[in-house]
Amino acid sequence: MAVQARVLIIEDVKEMADLIRLYLQKEGMDSTICETGEDGLAVFARNRFDLIVLDINLPGMDGFEFLQRLRKVSAVPVMIVSARDADEDMILGLGIGADEFVTKPFSPKVLVAQVRAMLRRATDMKASANSVKFGDYILDIDGYLLKRGGEKVPLSSKEFEVLSFLATHPGKAMTPETIYSEVWRNQYGDITAVAVYIQRLRKKIEKDPSTPVFIETVHGMGYRFNPEAVHA
């Protein structure tokens, strides 16, 4: 079976890591296991991965610190798998750039289905366009990153997907429901997440977030990407 994706598993409990790898292998996915966040960053820097499965409770650097460091260099999709099910942990994890938060114990089959859904969303986004240039920015769809003047702008995977969806449909007003359906695929059910991510993006790409140039608010409708900002 041809390898469909490469997954980095960062989990210090060997039995759990091996279980996740086994189920991913059954779906044609190749996995690499690291037991610490430090090793995970080192391995990620040397190899290409399509997705990361990340535990929070790790020896040394915990999963939250790993994710914060990762988001400075990559928007690769990240699924947190943790025994910590407090709302605060989930809010923090998603807030600093995780794309999914799965609590232990979990069904391995369900986890694999979620991994496949995350990979499919990332593939669909890359297939929509190669790159979009706006202002001083280049949105590299294939590379899954945003650059400004040659420097990477750190985005979470969800931030990247929201920006990509809007930027690849310039001039078209999108309702929060449409954006949520496209990016989240209705997994969490909280449509207010759209406004939160729009606000985060504006803080990162707009000179003055209160008077946005790129991501405009269409009153009574939603949001649209300014077509006049996009250039060849």
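Filtered by the rule that a residue be assigned to a loop (DSSP other than H, G, I, E, B) and either in contact with a strand residue (DSSP E or B) (Cβ under 9 Å, 6 or more places away or on another chain) or in contact (Cβ under 8 Å) with a residue 12 or more places away in the chain (or both), segment 213-232 gives V213, F214, M221, N226, A232. In segment 72-98, the residues that are under 18 Å from I20 (Cα atoms) reach residues that are aliphatic (A, V, I, L, M) and modelled with pLDDT under 80 with C-beta atoms within less than 9 angstrom, at least six apart or across chains, in these pairs: P77/A122. Considering only segment 34-74, state which residues are under 24 Å from Q4 (Cα atoms), small (G, A, S) and open to solvent by less than 10 Å² (accessible area, probe 1.4 Å). G40 - this is the single residue of segment 34-74 that is under 24 Å from Q4 (Cα atoms), small (G, A, S) and open to solvent by less than 10 Å² (accessible area, probe 1.4 Å). Selection within segment 94-153: residues that are within 15 Å of the chain's Cα centre (by Cα), of a type in the set (D, E, K, R) and under 22 Å from K72 (Cβ atoms). The member of this set that is modelled with the highest pLDDT is D140. Within segment 177-232, the residues that satisfy the criterion of being open to solvent by less than 60 Å² (accessible area, probe 1.4 Å), of a type outside the set (V, I, T) and touching a Pro at 6+ places or on another chain (Cβ under 6 Å) are R202, E206, G222, F225, P227.
The values are calculated or read from the model by the stated rules, or taken from the named source; none is laboratory data. As the structure is a prediction and not an experimental result, all values here were calculated from the model. So basically every Cβ, Gly included, is an ideal-geometry build from the backbone, and we count neighbours across all protein chains shown. These area figures cover heavy atoms from the full protein model, side chains too; ligands, DNA and RNA do not enter into them. Shrake-Rupley method; radii C 1.70, N 1.55, O 1.52, S 1.80 Å.
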